[in-house]
Amino acid sequence: MKCPFCGHLGDKVVDSRESREGEVIRRRRECLGCGRRFTSYERIEEIPYMVVKKDGNRERFERQKLIAGMLKACEKRPVTVAALEAVADRIEMALQDRPEREMSTREIGEAVMDELRRLDKVAYVRFASVYRHFRDLGEFMTELKDLLNTKE
């Protein structure tokens, strides 16, 4: 670590303390060149999880965005926020288990639809209607017929 006072590269750690949350380590250091003390902070650098959009662009995975979409689909439905949090947990864990740390919006959307199909059929249809961009009433009716024919 470079001394902020004299620029010397040698130092010794005098004291180390973890923050209460354990996310940051504070270290008191003493420069071996000038003898002055200074403080450094270490933080774990997290690699962000990414979502690959339909156009190929990548953006950070945002759990709140996922939950907001499901909340909209479940509006005025008997689905608890805890159930939606559990769905978000499962999708986030699937993303974390991937070595490449990214997932396409198609995969996320399909996972959400699978989960909503089990939780609430109306919420599923609402989400699917927005997600799948049905071109006409025929496509929408086909989806409804498939939903009615499944034994879940």
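Solvent-free Debye calculation, one equal scatterer per alpha-carbon of the range 58-141: log10 I(q)/I(0) at 0.17, 0.21, 0.24, 0.27 Å⁻¹ equals -0.69, -0.99, -1.21, -1.42. Would you kindly give the portion of the calculated P(r) for the range 42-94 that falls above 12 Å, as a percent of all Cα pairs? Beyond 12 Å sits 71 percent of the P(r) for the range 42-94.
Computed over the Cα atoms of the range 21-69, what is the convex hull's projected area averaged over all directions, in nm²? Taking a quarter of the hull surface, the average projection is 6.5 nm². Amide H to amide H, with H built 1.01 Å from N, Phe61 comes under 5 Å of Tyr49, Met50, Val51, counting only residues 5 or more places away or on other chains.
Look at the alpha carbon pairs under 8 Å that are at least 6 residues apart: their mean separation over the length of the chain gives a relative contact order of 15 percent. With Cα atoms as the point set, the chain shows a radius of gyration and Dmax of 24.8, 79 Å. A cut-off under 14 angstrom between Cβ atoms defines the neighbours of Pro4, and their net charge, with Lys, Arg +1 and Asp, Glu -1, is +4.
Tell me what the chain gives for mean residue ellipticity at 222 nm when only DSSP H runs of n ≥ 4 count, each as -39,500 (n - 2.57), the sum divided by the residue total, rounded to 500 deg cm²/dmol.
For the chain, the value works out to -14000 deg cm²/dmol.
Bear in mind that the values in this text are calculations on the coordinates, not laboratory data. All of these numbers come straight from a predicted model, not from anything done at the bench. Glycine also receives a Cβ, built like all others from the backbone with ideal geometry; neighbour counts cover every protein chain displayed.
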